[in-house]
Amino acid sequence: MTEARVSVTLPEYETELAANQRTAMRSAALLAAPILVLFTLLDRATAPLLWIPLLAARTAAAALLGLVARFAHRLPSSFPLAVVSVAVICATIEAGVFATGGAQSPYLTSNIAVLAGVGILMPLTAPQAAIVQLVGLGIAIVPLLFGMQPGDALPLLTAASYLVTVALVAIAGAHLQDALRRREHRARVEVARQIGLINLGTLAGGLAHELSTPLTWVSVELESLEMDPLAASVREKVLAARAGTARMREVLIAMRQGARFAGGELREVMLCHEIDLALTLVAQRMRAAGVALERQYAPDVPLVSCQPTLLGQVLVNLLINALDAMHQQHARLIVRVRADGAFAFVEVEDSGPGIPAELRTRIFEPFFSTKGESGNGLGLWISSEIARMHGGELAALPGARGALFRLSFPLPPSAVTSAPRS
């Protein structure tokens, strides 16, 4: 049997960002720790009487940064550690500022390296960058306001203007970089989805090859059985079974072709007729479950151009999902067909528990299932891809009582102007 890899769904952007932040936080902390200690050489020149206490402060700060680097990968989010690290570094610099002249200290503007470094080394969102920059600005500037000396106003204002400018640039840069990362993530998700389709097509072709031979034997046996004298009720069941095997053969042919469409494979069909065919395949199950069926077919819905086998696959999948969702008494299944504007719509609505709002998008992801071990998470994904390939869409909406799935197909231009509006 043909082997195929099926792509793994990429993590959400926020999950990926948190992982990148943990890695960046560790690297930034390991980089900042020795730099803080090396500034002791400058302390000996600018504050010869206080360089030993400053060395102690710098050593303690470097040790804290070492702990940050050690535990960065153990926390679900490293952003709080980033805030703590900026606070520690800026507080260490502030100690040097007070030891070398306060507002007129040459150390004051060295906070630029911290504010700019965070923006360069850490992948942050704009709100996260704003928090980090405000913490750094607050520690660098606010303590100096309480110890102002004559002549400190202008140097402090000058240094503050530099720091605020760098902070604003860092926040704007974080916003731009975050937008670029999100765009790149969306592109990678799309590439992964396309690879998944290719792999799934390869897997489907292998399955079709393996199943075609036993299906042929079943068809031959049913044909032979049909020639025997049978009771009317039995003959009806045999004919229904032959219709089902014929449908299966068409599905296998589509699988073997990788579910790719050529112009000659598209045919104009009546949606009402295709739904009735799909309902025939699940009729016995509906009767056994006691599900009441209500058809709401709008008159004069234009023909749509599609691949009938694949449309049938989508419809049967939606009907089976609806039946699986209804376990209560007085279950009701509503099937609608209507046209509105440039699209024709098929709606399958059940009376089950419905789909939570937070899952109405996720259920179309490959390998995501709400059925537990009984579901493979591929049915709705394949159905949504089939709809998309036809130029339409499959969407999950809240119904009157349960779930409502809406399948849309574009109408040919000639039918748009004459299509009835619902």
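On the accessible surface of the range 43-159, probed at 1.4 Å, how many percent belong to carbon and sulfur atoms? Answer for the range 43-159 is 76 percent, counting heavy atoms of protein chains only.
GNM remark for the chain: springs join alpha carbons under 10 Å apart, and the peak mean-square fluctuation among F39, F409, F345 falls on F39.
At a Förster distance of 41 Å, what's the computed FRET efficiency of E221 paired with E268, Cβ-Cβ distance as r, to 0.05? With a Förster radius of 41 Å, E is 0.75.
The slack between A113 and E365, meaning 0.36 nm per residue of separation minus the straight C-alpha distance, is 86.3 nm. Residues considered: V97, V348, V337. Largest GNM mean-square fluctuation over the chain, using C-alpha springs under 10 Å, is found at V97. Of the beta bridges in the range 269-364, as assigned by DSSP with both residues counted there, near 55 percent are antiparallel.
Gain on full extension, evaluated as 0.36 nm per residue between V84 and A19 minus their Cα-Cα distance, stands at 21.6 nm.
Approximating the spin labels as points 7 Å out from Cα along Cα→Cβ, the M389-to-Q296 distance works out to 3.1 nm. Restricting the range 74-169 to chymotrypsin sites (Phe, Trp or Tyr not before Pro) that sit in a DSSP loop and have at most 12 other Cβ atoms within 10 Å of their own Cβ leaves F146.
Annotation: the antiparallel percentage among DSSP beta bridges lying fully within the chain is about 80. Where in the chain lies the longest segment free of GluC sites (Glu not before Pro) that are both loop residues by DSSP (not H, G, I, E, B) and have at most 15 other Cβ atoms within 10 Å? Free of exposed loop sites, the longest segment is 13-422.
Spacing of the modelled spin labels on K237 and D276, each 7 Å from Cα toward Cβ, amounts to 2.5 nm. What the Cβ-Cβ distance of H73 and L397 gives, at R0 = 56 Å and to the nearest 0.05, is a FRET efficiency of 0.85. Kindly express, to the nearest 10 degrees and within the range 0 to 90, the angle between helix 51-71's C-alpha long axis and the longest C-alpha principal axis of the chain. Result, in degrees: 10.
Among the listed options (i) 5, 22, 33, 27, 11, 1, 0, 0; (ii) 4, 16, 19, 15, 11, 11, 10, 8, 4, 1, 0, 0; (iii) 4, 14, 13, 9, 11, 12, 9, 4, 4, 7, 7, 4, 1, 0, the one matching P(r) over Cα pairs in 10 Å bins from 0, in percent as calculated from these coordinates is (ii). Extension gain, L154-L31: 0.36 nm per intervening residue step, less the Cα-Cα distance, totals 41.0 nm. Think of it as helices only: each DSSP H run of n ≥ 4 in the chain is worth -39500 (n - 2.57), and spread over all residues that comes to -21000 deg cm²/dmol at 222 nm.
Ligands, DNA and RNA are left out, and with a 1.4 angstrom probe the accessible area of the range 1-107 is 54 Å² per residue.
Measuring from centroid to centroid over Cα atoms, what is the spacing of the range 54-115 and the range 16-52 in Å? Comparing the Cα centres of the range 54-115 and the range 16-52, I get a distance of 7 Å. With the simple spin-label model, which puts each label point 7 Å out from Cα in the Cβ direction, the L38 to A63 separation comes to 2.3 nm. Surface composition of the range 266-338: carbon plus sulfur atoms contribute 53% of the solvent-accessible area (1.4 Å probe, protein chains only, all chains present).
The values are calculated or read from the model by the stated rules, or taken from the named source; none is laboratory data. Worth saying up front: this structure is predicted, and the values here are computed from it rather than measured. Glycine gets a Cβ as well: all are built from the backbone with ideal geometry, and neighbour counts include every protein chain shown. Keep in mind that these areas ignore ligands, DNA and RNA; they rest on the heavy atoms of the full protein, side chains included. Shrake-Rupley method; radii C 1.70, N 1.55, O 1.52, S 1.80 Å.
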